[in-house]
Amino acid sequence: MIRRFGESAQFGRRYTRRPGAYAILPRGGNVLLTHQDNPTPEVQLPGGGIDPGESPISALHREVFEETGWRIASPRKLGVFRRFTYMPEYDLWAEKLCHIYLAHPVRRLGPPSEPGHQAIWTTPIKAVRSLGNPGDRAFARRYLLG
């Protein structure tokens, strides 16, 4: 059984399953996150949707690079959670299956290429407090703060 974070599915509402890959990225006592401006400003674990035919690891590398400008190495899967949410940028009610990895940011190649994203470095405690959804916070708390 996959643990759910956030609101329960609404009775009678149709949800589209959206798998995604996201990373906890510690380096030098800090952690790399992304701030997304739209549709609602939010601090997130870098990552995003897995495209059809794409592996979770390929999606993780692509999404982290797009949202932070950093290349990563040695991803290790920590677990998965699900959440039910409305995605206004797609006008879609989604059951997001969030595959969470621990990886190492190894090299910054430039600014984020994804519009509206900004890479931010912060302490583990501030990261846990600022993450915008309860699933991200739970995984970050467990793996950054023990």
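The values are calculated or read from the model by the stated rules, or taken from the named source; none is laboratory data. Keep in mind the model is a prediction, meaning the values are calculated, not measured. Here the Cβ is made from the backbone with ideal geometry for all residues, glycine too, and neighbour counts use every protein chain on show. When the accessible area is computed, the model is the full protein with side chains, heavy atoms only, and any ligands, DNA or RNA have been set aside. Shrake-Rupley method; radii C 1.70, N 1.55, O 1.52, S 1.80 Å.
Distance between the C-alpha centres of segment 7-43 and segment 71-146: 6 Å, rounded to the whole angstrom. Ligands, DNA and RNA left out, the 1.4 Å accessible surface of segment 1-136 is 50% carbon and sulfur atoms.
Ignoring ligands, DNA and RNA, what accessible area per residue does the chain give at 1.4 Å, in Å²? Here the residues of the chain average 55 Å² of exposed surface.
The Rg/Rh ratio of the chain, with both radii computed over alpha carbons and Rh defined as the Kirkwood radius, is 0.94.
Of the chain, which part is the longest with no GluC sites (Glu not before Pro) in a loop (DSSP not H, G, I, E, B) and with at most 13 other C-beta atoms within 10 angstrom? Kindly include the intermediate steps, with their values, before the conclusion.
Details: sites that count: 7, 89.
Answer - 8-88.
Based on the Cβ-Cβ distance of residue 13 and residue 89, what FRET efficiency does E = 1/(1 + (r/R0)^6) give at R0 = 22 Å, to the nearest 0.05? Given R0 = 22 Å and the Cβ-Cβ separation, E is 0.75. Each residue, residue 51 and residue 129, gets one label point 7 Å from its Cα in the Cβ direction; the gap between the two is 3.8 nm. Considering only beta bridges that DSSP places wholly inside segment 1-96, some 75 percent are antiparallel.
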